[in-house]
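Before any comments, here is the structure.
Values in this text are rule-based calculations from the coordinates and carry no lab data. If you're wondering where the values come from, they're calculated on a predicted model, not measured in any experiment. Quick reminder, even Gly has a Cβ in these numbers, built from the backbone with ideal geometry, and neighbours come from all protein chains shown.
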Amino acid sequence: MRSFDELVREAASVDVLGSDFSWLAGRAREERTPWGYANLVAERAASAERVLDAQTGDGRVIASALSARPAVFAATESRPALLDRAKPVLARLGGVLVRADDGYLPLTPGAFDLVVSRHPRIGSTDWTQVARVLAPGGTYLAQQYGSGYGRELVEAMLGPQEADGGLAEQEAAAAETAGLRVVALRKAGLRAEFDDIGAVVYLLRKIVWFIPDFAVDPYRERLLLLDKQIRAQGALRTLSHRFLIEACRPG
């Protein structure tokens, strides 16, 4: 294995914007969810004319899931750099790309048959906003990070963290409170492995809400300890949590 400094220097210099995780090929792996989010979106979109993708990121996930152009399409994203990347990716779908804070949906009430979101920032889903933009009979479908996602990485840098269990159930309850009917709630624990410290640095940079102020220098000593652990054990093994929630607006 290459030296700590070489691995970290490389991981600290690569582009981490967007939904492309291909840089991790050969140095980290994670099990896939059992439900296949993109396929579910494609199935739901086949019977929807008006589609909204909330927190679209670089737009690649929704663009790959939609084989046909909806009659009406819109997407939201909060980060300017990702908006710039999403524009050409989503061009073939037409519609509008709106800059909006995470969770805020500044669109016409009742305008969409289908609202989807893949990995919205934890705690950012505003269910009253979702209910407002859904048409009666419309569907919301999202794959979200579950309780404990990234805990091993965060605790390696920050020490023990307070447990935050039941996130899927909390989101489902909030959806019901907003007037939606939850029709599916599925959870999965996915095994993940990191073969070197560079893969860890890359992910901590990419998933910005793990440690919002993450940079190599302030966490160098912690990273060195984790590097020694990985070299001794062969890999860092973690459990990655996801859940799928589907809710409908009655009507």
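Key figures for this structure:
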item: nm² value of the averaged projected area, convex hull over the Cα atoms of the chain; result: 13.3 nm²
item: Residues 32, 220, 242 arranged by fewest to most Cβ contacts within 10 Å; result: 32, 220, 242
item: Between region 32-65 and region 126-196, the Cα center-to-center distance that results, in Å; result: 17 Å
item: Lys, Arg +1 and Asp, Glu -1 on Cβ, resulting dipole of region 4-248 about Cα centre, debye, nearest 20; result: 540 debye
item: Cα-based reach from residue 87 at 28 Å (exclusive), listing lysines while leaving out same-chain residues under 8 positions away; result: 206
item: Sequence-separation-based contact order of region 3-100, relative, with Cα cut under 8 Å and 6+ spacing, percent; result: 25 percent
item: ³J(HN,Hα) computed for each position of region 13-19 - Karplus, 6.51 cos²θ - 1.76 cosθ + 1.60, integer Hz, glycine/proline x; result: 9, 7, 6, 10, 6, x, 9
item: Estimated inter-spin distance, residue 46 and residue 170, nm [label 7 Å along Cα→Cβ]; result: 3.6 nm
item: For region 181-194, 3J(HN,Hα) per residue [Karplus equation, 6.51 cos²θ - 1.76 cosθ + 1.60, θ = phi - 60°, Hz, x = Gly/Pro]; result: 10, 6, 9, 7, 8, 10, 10, 8, x, 10, 5, 9, 9, 10
item: Cα-projected label distance for residue 183 with residue 67, points at 7 Å along beta-carbon direction, nm; result: 2.1 nm
item: Helix 167-177 axis, angle to the chain major axis (alpha carbon atoms, nearest 10°); result: 20 degrees
item: Extension reserve of the residue 216-residue 3 stretch, reckoned as 0.36 nm per residue once the Cα distance is removed; result: 75.2 nm
item: Region 65-93 residues near the modelled residue 108 label - backbone nitrogen below 15 Å, point 7 Å along Cα→Cβ; result: 71-75
item: Net +/- balance of residues flanking residue 237 in space, Cβ distance below 9 Å, scoring K and R +1, D and E -1; result: -1
item: Linear extension gain, residue 12 paired with residue 161, 0.36 nm per residue minus alpha-carbon span; result: 51.1 nm
